[in-house]
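Q: Could you have a look at this structure, given as structure tokens, before my questions?
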Amino acid sequence: MTDRSENALVQTHCDEIREAEGIIIIHPNWWGQPPAILKGWVDRVLRENVAYRFPADDDGSGLPIGLMRAKAAIVFNTSNTPEEREYTVFGDPLERIWKDCVFDFCGVKNYYRRMFRTIAGSTPEQRQTWLNEVRDMVNEHFPQNSL
């Protein structure tokens, strides 16, 4: 598989993610998954020879070698599913997707995630508190970019 895309914007994103020292992703919880447009971005950008590769003698069924140089990744999610239901009924699928299936696969070992819930009934004061938490997490994990 080539590490070049015929789409100039996708290629720009591939080049940028390859060089990124840190990654922040923000999205709602949609059916226990990222929205389809974000999933499509992951499929097009975090691809073989950009975000990971397999050893030369591997047919793609072995363990990948992560190529991303990012020292950390943070994912912020919003949800209307209460925390207890998320864990007991669904098992927190977003944690598995981002931690194990994306960032660990691509070599990013320092992964952090924060779910903000329940959004539908939140107050302006609660949302401000959440924004303060976002600022604090970003400053903690990317201190040179303090907000």
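One line per residue, one yes/no per condition, for (1) among the charged types (D, E, K, R); (2) over 23 Å from GLU133 (Cβ atoms):
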| position | (1), (2) |
| --- | --- |
| TRP41 | no, yes |
| ARG44 | yes, yes |
| ARG53 | yes, yes |
| ARG85 | yes, no |
| ASP92 | yes, no |
| TRP98 | no, no |
| CYS101 | no, yes |
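Q: Just to verify a result, which residue in region 69-109, among those that are in a loop (DSSP other than H, G, I, E, B) and without any contact (Cβ under 8 Å) to a residue 40 or more places away in the chain, is nearest to the chain's Cα centre (by Cα)?
A: Here the answer is LYS109.
Q: The conditions are (1) modelled with pLDDT of 90 or more; (2) over 26 Å from VAL10 (Cα atoms); (3) in contact with a strand residue (DSSP E or B) (Cβ under 6 Å, 6 or more places away or on another chain), and ASN132 fails exactly one of them. Which is it?
A: So the condition that ASN132 fails would be (3).
Q: For region 1-59, give me the residue count where each residue is of a type outside the set (A, V, I, L, M, F, W, C) and in a strand (DSSP E or B).
A: Total satisfying the criteria: 7.
Q: Are any residues in region 60-91 crowded, with 18+ Cβ neighbours inside 10 Å and modelled with pLDDT under 85, and if so, which ones?
A: Within region 60-91, just GLU86 meets the criteria.
Q: Could you please find all residues in region 116-141 being over 17 Å from ILE26 (Cβ atoms) and among the hydrophobic types (A, V, I, L, M, F, W, C)?
A: ALA120
Q: Among the residues of region 111-125, are any within 25 Å of GLN11 (Cα to Cα), assigned to a loop (DSSP other than H, G, I, E, B) and in contact with a Pro (Cβ under 8 Å, 6 or more places away or on another chain)?
A: No, there is no match, as no residue in region 111-125 is within 25 Å of GLN11 (Cα to Cα), assigned to a loop (DSSP other than H, G, I, E, B) and in contact with a Pro (Cβ under 8 Å, 6 or more places away or on another chain).
The values are calculated or read from the model by the stated rules, or taken from the named source; none is laboratory data. A quick note: this is a predicted structure, and the numbers were derived from the prediction, not measured. Glycine also receives a Cβ, built like all others from the backbone with ideal geometry; neighbour counts cover every protein chain displayed.
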